[in-house]
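Here's the structure, in structure tokens; my notes come after.
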Amino acid sequence: MISPIISTSLNQQVQLEAESSQIYLAMASWAEVEGYNGIADFLFRHSDEERIHMLKLIKFINERGGHGIIPALSQPDQKYKGIRSLFEQVLNHEIHVSEEINKLVDICLKEKDYTTHNFLQWYVSEQIEEEALARRVIDKLKLIGDDKGGLYLFDRDIVNIDVSLKSEKGGRN
Ligand code: OFO
């Protein structure tokens, strides 16, 4: 059975994962409207992944005798200055998520909740991958600079960045 403090903290993370899903969904929709179909697909997939992260938390809280609370969500930005700044926003957001996961891990240790601590290790590894992926995308965009042709090819090939990271790491959820 999880303690009230663990339950509250996990539910805060449910909200953050749900907000992440919404943010990437808004980014995906913007990218699609702007004609970047490859980038849009990449972001739609990431939005789905964040929803899975949220569901995993809800199920865990409920299994451990708590109550997974479905949060109200704030509306994300609908417009973005450009592809590079969009991915810089992705990276900053993922860094923020990692910090919040680390705080949760810390709370588990203080509360001596080793079961939840163990459960959270999946999120710790996931965040390493998500940050690496965002950094990899930004590195490519730095190389491309203002070259429109380069951006066209990037939009076509972004699927491979995701796939190559997945195969290096042995699969992502
Ligand atoms: Fe990308 O954040 Fe979930 O864990």
To the nearest 500 deg cm²/dmol, what mean residue ellipticity at 222 nm is calculated for the chain from DSSP H runs of n ≥ 4 alone, each contributing -39,500 (n - 2.57), summed and divided by the residues? -29000 deg cm²/dmol
Which one, 47, 78, 152, projects farthest toward the positive side of the charge dipole computed for the chain from Cβ point charges (K/R +1, D/E -1)? 47
List, in order, the whole-Hz ³J(HN,Hα) value for each residue of the range 78-95 obtained from phi through the Karplus relation with A = 6.51, B = -1.76, C = 1.60 and θ = phi - 60°; use x for Gly and Pro. 9, 10, 10, 5, x, 5, 5, 5, 4, 6, 5, 5, 4, 4, 4, 5, 5, 4
What does the charge add up to near residue 17, with Lys and Arg as +1, Asp and Glu as -1, over the other residues with Cβ less than 11 Å from its Cβ? -3
The range 50-119: radius of gyration and largest Cα-Cα distance (Dmax), Å: 15.6, 45
Would you be so kind as to identify which of 102, 67, 91 lies farthest towards the positive end of the dipole of the range 34-110, taking Lys and Arg as +1 and Asp and Glu as -1 on Cβ and the Cα centre as origin? 67
For the range 31-133, run through the trypsin sites (Lys or Arg not before Pro) and keep only the ones in DSSP coil with at most 14 other Cβ atoms within 10 Å of their Cβ. 79, 81, 112
Name the long-range amide H neighbours of residue 68: under 5 Å, sequence gap of 5 or more, or other chain; modelled H, no Pro or chain starts. 62
In the neighborhood of residue 80, defined by Cβ-to-Cβ distances under 15 Å, what is the net charge if each Lys or Arg adds +1 and each Asp or Glu adds -1? -2
Environment charge at residue 68 (Cβ cut-off 14 Å; Lys +1, Arg +1, Asp -1, Glu -1): +2
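For the chain, give the magnitude of the charge dipole about the Cα centre (Cβ charges: +1 Lys/Arg, -1 Asp/Glu; no others), in debye to the nearest 20.
160 debye
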Could you compute Rg(Cα) / (2.2 N^0.38 Å) for the chain, with N its residue count? 1.10
If you rank 42, 60 by fewest surrounding Cβ atoms within 10 Å, what's the result? 60, 42
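Every number in this text was worked out from the coordinates using simple rules, so none of it is lab data. As the structure is a computational prediction, the values presented were derived from the model and not from experiment. Heads up, the Cβs are rebuilt from the backbone with ideal geometry, glycines too, and the neighbour counts pull from every protein chain shown.
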